[in-house]
Amino acid sequence: MLELQVKDRAKIVAQHVLVVGVGKSGQATARFLLEHAKCLGMTALTLVDSACSDILDVFAAQLDKKWGEQIKIETAFGVEQVPDAHYDLCIITPGLAPHTALSKSAYARSREVISEIELAYRLSPPNLTWIAITGTNGKTTTTELLREVIEAGECAQSTHVYSVGNIGTPALEALSAVRPDDYFVAEVSSFQAARLVDFKPQVAVLLNLSADHLDWHKNIKQYAADKCEIFARCAAGDLILAPDESQLHEEARPVIAAALDAARSRGAEVQTIQTKDAALPFDAREMNMRGVHNISNACFALAVARYFDLPDDKSIHALKNFRPQPHRMQEVGRYKDVLYVNDSKSTNADASIQALTAYAGLELTLLLGGQNKGSDYHDLAKAALARAKTILLFGEAAKELKLSFDALASEQTAQQQVLSFDKMKDAIHFACEHALSQEVVLLSPANASFDEFSNYEERGEYFAALVKDFADGS
């Protein structure tokens, strides 16, 4: 078991701890707290979730069986308010917006409300190197890419590099196995960043910023301010990487510029990354990743590697051989010389615009749709009309998307067609039946998946399965 080396014990000791949201991160948090209850001074733990299910009940029963005699464990599932009590510390699930009743009650009854990644930072060994990566798009790819680059270049055999945070592995879960000289490459969402307090990574990376999650954040300026929390406490010797202004929403630029100036005044090194082919010391076409956005991701990863004085040759080898995670520009098959690409992870307009830069010179059938998160589709429609031969719209967002395309009708050519479908499967069937040799069928939805699916992974898997069924039957 990890021997906790608390950075500031006064900020950790908490007799009654509240965990709001008992999903993957919340469950990891609860287990970690109970395992280290004595060190933390914890005597009571309350678990709260707005959902109510057998899975939650089984999890609570397992905790009570293992730790119930030492720690008072209480649960409240299927509720909209946390139980009326005073909590010394609350760890809240990232996706729960501040304006919800459950979130408001947690803030009202807790001395402090933080994210799981903030708690992991406070409890991490002093020599653990933290690298934080945020941005509207490219976070997961860059996190995994950087993990592989550091692993390739780090000479010490005993050093381990962990990808944690919003990428799927809770930082607390990885903390149990970590050693002092290891690396945490943390994907930090805007939801997590909004609840950071003491978090100070050695390297902070802001990849880009466009309008997204405005249903959670008040506006684009607040969204930008929350993103900047990853480097709000960076100081002398720390590195901050930021994109050029072209990669930042116009209204967000003053907010980010002010945050970067403040970091410079504290002595942090701030570098602006130029995201273009010439910024790489090799031909970008040698990478397995496609698109201008992935050239950008590689530029950021290389800059971090150089900050740590890792050998360029090993970094370049890792960049060339890296393959993106599933659902991000994932080539799921080539049938009758048509390439099918799953980019289901593109859940906002800007991500899909970036995806359109891949596969230059090939005819493109683009599938767009799902559930809108408050996005404006004008720029997406303009980019799609400039690049795709066929545009297939589906799901709840299809009607709103069609309005944006109709508004640009004068820019359409006779070869372009924009068609709407109620369900994604109908759009996929049409694409499979009508795509011609040497074409690319790209699922890059630009929307959330929740109108038809549980998450973007399920949507991407469904796309791949339907394409395979079509190929097997053709």
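The values are calculated or read from the model by the stated rules, or taken from the named source; none is laboratory data. Note that this is a predicted model, so its numbers are computed, not measured. Reconstructed Cβ throughout: ideal geometry from the backbone, glycine too, with neighbour counts over all protein chains shown.
Points worth noting:
- Among residues of region 315-336 that are free of Cβ contacts under 8 Å to residues at least 40 places away in the same chain, those with a beta-carbon under 6 Å from a residue that is assigned to a helix (DSSP H, G or I) at least six positions away or on a different chain give the pairs Lys320/Glu286.
- Residue within region 455-469 that is more than 17 Å from Ser344 (Cα to Cα) and more than 26 Å from the chain's Cα centre (by Cα) present: yes
The rows are residues; the columns are (1) farther than 30 Å from Lys218 by Cβ; (2) not β-branched (Val, Ile, Thr).
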| residue | (1), (2) |
| --- | --- |
| Glu286 | yes, yes |
| Ala301 | yes, yes |
| Met329 | yes, yes |
| Ile353 | no, no |
| Ala381 | no, yes |
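- Test for Gly361: is it closer than 27 Å to Ala298 by Cα, at pLDDT below 95 and in contact with a Lys or Arg (Cβ under 7 Å, 6 or more places away or on another chain): no
- Taken over region 141-157, the criterion of being in contact with a Pro (Cβ under 9 Å, 6 or more places away or on another chain) and under 23 Å from Gly291 (Cα atoms) is satisfied by Thr141, Glu144, Leu145.
- When we screen Ala232, Ala268 for residues that are within 16 Å of Tyr307 (Cα to Cα) and buried (at least 16 other Cβ atoms within 10 Å of the Cβ), the only hit is Ala268.
- Considering region 316-342, the residues that are under 15 Å from Glu461 (Cα atoms) and among the polar types (S, T, N, Q) include one that is modelled with the lowest pLDDT, namely Gln325.
- Index of the failed condition, Glu400 passing every other in (1) surrounded by fewer than 16 Cβ atoms within 10 Å (Cβ to Cβ); (2) over 23 Å from Glu458 (Cβ atoms): (2)
- Failed condition for Leu47, given (1) loosely packed, with under 15 Cβ neighbours inside 10 Å; (2) within 17 Å of Val113 (Cα to Cα): (1)
- Residue check for Gln354: within 19 Å of Met289 (Cβ to Cβ) and either assigned by TED's automatic domain parsing to the domain that holds Asn455 or in contact with a Gly (Cβ under 6 Å, 6 or more places away or on another chain) (or both): yes
- Restricting region 364-400 to residues that are over 16 Å from Ala427 (Cβ atoms) and in a loop (DSSP other than H, G, I, E, B), the residue that is modelled with the highest pLDDT is Tyr377.
- Residue selected from region 164-207 under the condition touching a Leu at 6+ places or on another chain (Cβ under 8 Å) and among the hydroxyl-bearing types (Ser, Thr, Tyr), by the criterion nearest to Phe32 (Cα to Cα): Ser176
- Qualifying residue in region 253-266 (condition: part of a helix (DSSP H, G or I) and in contact with a Leu (Cβ under 7 Å, 6 or more places away or on another chain)): yes
- Residues of region 289-311 classified as among the hydrophobic types (A, V, I, L, M, F, W, C) and farther than 18 Å from Ala242 by Cβ, total: 3
- Flag if Ser50 is touching a helix residue (DSSP H, G or I) at 6+ places or on another chain (Cβ under 6 Å) and small (Gly, Ala, Ser): yes
- For Asp426, the conditions (1) surrounded by fewer than 19 Cβ atoms within 10 Å (Cβ to Cβ); (2) at pLDDT 95 or above; (3) under 29 Å from Ile220 (Cα atoms) are fulfilled apart from (3).
- Unmet requirement for Ala120, which otherwise passes all of (1) within 24 Å of Leu33 (Cβ to Cβ); (2) among the hydrophobic types (A, V, I, L, M, F, W, C); (3) in contact with a strand residue (DSSP E or B) (Cβ under 7 Å, 6 or more places away or on another chain): (3)
- Counting only helices (runs of 4 or more DSSP H) wholly contained in region 44-135, the ones carrying 1 or more residues that are over 26 Å from the mean Cα position of the chain (by Cα) and among the hydrophobic types (A, V, I, L, M, F, W, C) occupy 54-67, 101-109.
- Subset of region 136-167 [assigned to a loop (DSSP other than H, G, I, E, B), surrounded by 20 or more Cβ atoms within 10 Å (Cβ to Cβ) and over 14 Å from the mean Cα position of the chain (by Cα)]: Glu154
- Filtered residue count, region 168-193, keeping only those that are among the hydrophobic types (A, V, I, L, M, F, W, C) and either buried (at least 21 other Cβ atoms within 10 Å of the Cβ) or without any contact (Cβ under 8 Å) to a residue 12 or more places away in the chain (or both): 8
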